[in-house]
Amino acid sequence: MIKPSPTYHLLIEGDDGRCLACSPEDTILRSLINGGLFVEANCGGRGTCGKCKVQVIAGQVTNKEGLPIKPNQDNTYLACQIYPQSDITIRLKTAEASQKGQALDIVSDGGAPLIKKVVLAPVYPTVDNHYSLQDMIGQALAAPGAVGGGSSSPVLIDDSAMLRRLAAVVETKPELITVTLLDNKAMAIEAHDTSSVLYGVAFDIGTTTVVGMLVDLNVGKVVEVRSRNNPQASLGADVISRIQATHELEGGLERLSQLIRYCLNQIIAELCTAAGIDPNQVYAVTIAGNATMAHLVLEISPSTLVRKPYAALFKYMSPLNPQDIELEINPQGKIMVLPNIASFVGSDTTAAILAVDQDISETPMLMVDLGTNGEMVIGDGNKLYACSTAAGPAFEGAHIRDGMRAADGAIADVVITEQAVLVQTIGSAKPTGICGSGIVKAVAELVKAGILDPSGRFNKSAAAKLPVSLCQRLKNNDGQWEFVLVEGKQTASGTDISITQADVRQIQLVKSSICTGIHFLMEKLPPETVFKVCLAGAFGNYVDIDSALRIGMLPGFKKECVCSVGNAAGTGAVQALLSADKMQRCVTIASKVGYLELAAQPGFQNRFLKNLSFPKA
């Protein structure tokens, strides 16, 4: 008889005393994920990224073989490498982030709304004046007196779900009935006048960050914004590792789907609390995201994305019911997943194109969305071409030794003078690590100072000629060179925060991916074309443009041609929620954009290798 494994208690200190079940057969990381906690684990639990640090306050843990395991120098363990052997108490080193996002100044363009409410005064049928209740609603909608109605083409309520709702509403014969219309088709029926409350939520589901925007559809503007870390990062930092998790982990697809749905519901609850409304007053949701995120939120396997010919399973989706993806809004509401463009160019790119009017602009434009995935779109008003690069999550701080998300304590700016290294952290807090904008600025400053040569190697002979205060910052640590930005005595952890040779290589890979993609896209249009360059995405909004140019990320462009447009995907998702015309433009955009598979382009590999180098000063 097989003896069942014992179940222990896992207490998380400082998290309202949350207690989870854990087993000696599962890592602490797996127990935390199963308990609904976000823990960053960019390597998918392989023990290579070093992000899932925890302190064990009480209890005994071992390695996979059941042998004692020593903590790291900072008295932490990697949660993915330890197994409980008793009840234990831990302290998480990385907390789940919920942030109030930047307010988006987005208002309706005044065109036909995508969603509206119509208040009807129905004339109920009698024995002498006989017609169906379905006809009654149609007649009332066409009546000039209908508030928000008066349509020349009455809306037909012809599906069984809507007819059942109608049956429930007319049971008490209310004097007024409110019908909610989605693009002039009935989606909800309610007794009495409920027209004063009509909200929607627009989501930008990023690989690293999820942003939700609460929109008052009656006044046509965003009223609240919230963002959270994408909890799927606990199973991998990038889309490829998450796709692998769907078939390598037992129940991987379901787990990834549940994680993102839970996150969306958390954001909805936070938005509604902040605005003082009930989630039942949210009638519609738009979702923009890369193709992998769109597949996962629908619990559809994205495995076709990584098998030749690398095709997405779907491009367009009909509106969904909230129950289809377990969203906690008005049960009669609708979920609209914006259309994808192709494989790894998803609906977030569709929304971004919409936001900057790239599909209708006569000004030649290059849009570069800098995030965990790098998408680029080029167009001249007639033709649009897009590509996606394997940028990786370095801009989000992943795969960088001292990297972190853009949060309090993250180094966001670096200046190297002749005598010192000056850093600025988010929130002016004690340095904890370095975020994406800080990494790019630091590398650019090292290139400018000659400490990094064009090949990306630390130039030890050039560094030796610098003042002692700078020269001594270049250290060899266990065979790897690094440049110390902040010494341990000045950091929150007590250890140095540095840019390592491996970190520089990560940035070179990312910048070469973007640079190479731009080169191939520009060949689609006449060589004399002058482009306006729009940097989109959270990282694109904060990256120092001079630094991006100095390391060769934006080849051949002048600073005056480059501007930041912020979260264009989120803006587009809001615009589609507000306007029937702009929702239709999303469909047109998705069918109009030509797709370039970069790896299939002749000479791609040679050009990529060439672009790894930094420009000579």
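Tabulated data for the structure shown
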item: Failed item, numbered, when Val368 is tested on (1) assigned by TED's automatic domain parsing to the domain that holds Pro555; (2) under 23 Å from Leu554 (Cα atoms); (3) part of a loop (DSSP other than H, G, I, E, B); result: (3)
item: Selection from region 422-474 of residues that are surrounded by 14 or more Cβ atoms within 10 Å (Cβ to Cβ) and either over 29 Å from Ile514 (Cβ atoms) or among the aromatic types (Phe, Trp, Tyr) (or both); result: Phe458, Leu466, Leu470, Cys471
item: Residues satisfying the stated conditions in region 360-372, i.e. at pLDDT below 90 and surrounded by 19 or more Cβ atoms within 10 Å (Cβ to Cβ); result: Leu370, Gly371, Thr372
item: Residue within region 576-583 that is out of contact with any Pro (no Cβ under 8 Å at 6 or more places or on another chain) and of a type in the set (S, T, N, Q) present; result: no
item: Residue selected from region 400-421 under the condition charged (D, E, K, R) and out of contact with any Pro (no Cβ under 8 Å at 6 or more places or on another chain), by the criterion surrounded by the most Cβ atoms within 10 Å (Cβ to Cβ); result: Asp402
item: Selected residue [basic (Lys, Arg) and more than 15 Å from the chain's Cα centre (by Cα)] from Arg226, Arg242, Arg255; result: Arg255
item: Residue in region 51-62 that is within 30 Å of Gly537 (Cα to Cα), surrounded by 15 or more Cβ atoms within 10 Å (Cβ to Cβ) and at pLDDT below 70 present; result: no
item: Some residue of region 344-354 being among the polar types (S, T, N, Q) and touching a Cys at 6+ places or on another chain (Cβ under 8 Å); result: yes
item: Residue list for region 176-206, filter: at negative phi and in contact with a Pro (Cβ under 7 Å, 6 or more places away or on another chain); result: Ile177, Leu182, Ala191
item: Residue in region 396-408 that is nearest to Thr425 (Cα to Cα), counting only those that are at pLDDT 70 or above and under 14 Å from the mean Cα position of the chain (by Cα); result: Ala406
item: Total residues in region 239-276, condition more than 16 Å from His295 (Cα to Cα) and among the small types (Gly, Ala, Ser); result: 4
item: Of all residues making up region 142-175, the number that are at pLDDT 85 or above and on the phi < 0 side of the Ramachandran plot; result: 15
item: Tally of residues being in a strand (DSSP E or B) and among the polar types (S, T, N, Q) across region 203-242; result: 3
item: Strands (runs of 3 or more DSSP E) fully within region 404-489 counting 1 or more residues that are over 29 Å from Ala538 (Cβ atoms) and not aliphatic (A, V, I, L, M); result: 474-477, 480-486
item: Qualifying position, being assigned by TED's automatic domain parsing to the domain that holds Cys534 and either modelled with pLDDT of 90 or more or touching a Pro at 6+ places or on another chain (Cβ under 9 Å) (or both), among Ser513, Ser455; result: Ser513
item: Hits in region 219-250 (condition: surrounded by fewer than 22 Cβ atoms within 10 Å (Cβ to Cβ) and more than 20 Å from Thr571 (Cβ to Cβ)); result: Ile240, Ser241, Gln244, Ala245, His247, Glu248, Leu249, Glu250
item: Residue within region 373-395 that is over 22 Å from Ile545 (Cβ atoms), modelled with pLDDT of 90 or more and assigned to a helix (DSSP H, G or I) present; result: no
item: Of residues in region 314-370 being of a type in the set (Asp, Glu) and touching a strand residue (DSSP E or B) at 6+ places or on another chain (Cβ under 8 Å), the one farthest from Ala576 (Cα to Cα); result: Asp324
item: Residue within region 310-330 that is more than 30 Å from Ile277 (Cα to Cα), crowded, with 19+ Cβ neighbours inside 10 Å, of a type outside the set (Asp, Glu) and outside the structural domain of Val440 (by TED's automatic domain parsing) present; result: yes
item: Region 332-365: number of residues that are more than 30 Å from Val179 (Cα to Cα), within 18 Å of the chain's Cα centre (by Cα) and part of a loop (DSSP other than H, G, I, E, B); result: 5
item: Val415 being farther than 24 Å from Val285 by Cβ and free of Cβ contacts under 8 Å to residues at least 60 places away in the same chain; result: yes
item: Counted residues, region 25-49 - those being at pLDDT 85 or above, closer than 13 Å to Ala79 by Cα and either more than 29 Å from the chain's Cα centre (by Cα) or surrounded by fewer than 19 Cβ atoms within 10 Å (Cβ to Cβ) (or both); result: 1
item: Residues located in region 551-591, provided they are basic (Lys, Arg) and either buried (at least 23 other Cβ atoms within 10 Å of the Cβ) or at pLDDT 95 or above (or both); result: Lys582, Arg585
item: Residues (at pLDDT 90 or above and within 17 Å of Ile411 (Cα to Cα)) located in region 474-493; result: Glu482, Phe483, Val484, Leu485, Val486, Glu487, Gly488, Lys489, Gln490, Thr491
item: Given (1) in contact (Cβ under 8 Å) with a residue 40 or more places away in the chain; (2) in a loop (DSSP other than H, G, I, E, B); (3) small (Gly, Ala, Ser), number of the condition Ala312 does not satisfy; result: (1)
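The values are calculated or read from the model by the stated rules, or taken from the named source; none is laboratory data. Here the structure is a predicted model, which is why all the values come from computation and not from measurement. Methodologically, a virtual Cβ is constructed for each residue, glycine included, from the backbone with ideal geometry; neighbour enumeration extends over all protein chains shown.
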